[in-house]
Amino acid sequence: MIKVAPSILSADFVNLQRDIERVDKGGAEYLHIDIMDGQFVPSISFGPDFVKAIRPITNMVLDVHLMVQNPEHLIPEFAKNGADIIGVQVEATQHIHRALQIIHNNGAKAEVVINPGTPVAMITPVLHMVDQVLVMTVNPGFGGQKFLPETVDKIAELNELKKKHGYDFDIEIDGGVNDQTVVPCYKAGATVAVAGSFVFGADDPVARVNAIRNATK
């Protein structure tokens, strides 16, 4: 069964604590937090203090995705403020190995992220040092986009590399995820599913969390 990571980018910002506590009590394992700088992606979202404010109200894994240019300088602050997993885009830094080292050196789990147009070959040199790989299943920057089915092949490729080399990283998917699109991803090897509008856009977010989980039993 896949682990579920509701994305608060789609939550109600006026009632954010309510929404977080709702999916927490509903059994979601992760809380996905997208950090956007207006440069790597067009949108702007949150900063380190946002994570600091959330940390005391939930025991969920705080899964922080840095969609920012040159993320190295932000990593220590996010780790200090309670991020459990910090993801960096391979396309956003010239020094992906160093960025992942910085994450580990600051006590968080390290994740490397690839966009739909980026081949798995771009990250094979660092797969031995990551705790999680995030395969973007839409182009990053906006919620509510349609799932790109061609990204499933990358999940399968990563899963084969895991088996071949004995790696134990999680494979996370993010973008257009619902109880239908999660199925081929799970079968290909995905272990964590980020879902934003499918969960928080519903009247009953917990039912949607369970729908994703039940689809992968």
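Please treat every number below as a calculation from the coordinates, not as lab data. Every value quoted in this text rests on a predicted model; they were computed, and no experiment measured them. Heads up, the Cβs are rebuilt from the backbone with ideal geometry, glycines too, and the neighbour counts pull from every protein chain shown.
Only Cα pairs under 8 Å and 6+ residues apart enter the sum, and on that basis the relative contact order of the chain stands at 23 percent.
Scalar couplings 3J(HN,Hα) for region 46-61, obtained by applying the Karplus form with A = 6.51, B = -1.76, C = 1.60 to θ = phi - 60°, are 10, x, x, 5, 5, 5, 4, 6, 7, 3, x, 9, 8, 9, 4, 5 Hz; x denotes Gly and Pro. Asn59 sits among other residues whose Cβ lies under 15 Å from its own Cβ, and their net charge, with Lys and Arg +1 and Asp and Glu -1, is -1.
What the Cβ-Cβ distance of Val183 and Met122 gives, at R0 = 22 Å and to the nearest 0.05, is a FRET efficiency of 0.25. Taking the number of Cβ atoms within 10 Å of each Cβ as an exposure proxy, the fewest-first ranking of Thr191, Thr58 is Thr58, Thr191.
Relative to the current alpha-carbon distance between Ala53 and Asn105, full extension at 0.36 nm per residue lengthens the span by 16.4 nm. What is the Cα centroid distance between region 66-97 and region 1-16, reported in whole angstrom? Centre-to-centre (Cα) distance: 20 Å. Shape class of region 1-44 from the Cα gyration tensor (axes a ≥ b ≥ c, square roots of the eigenvalues): oblate, since a/c reaches 1.5 or more and a/b does not exceed b/c.
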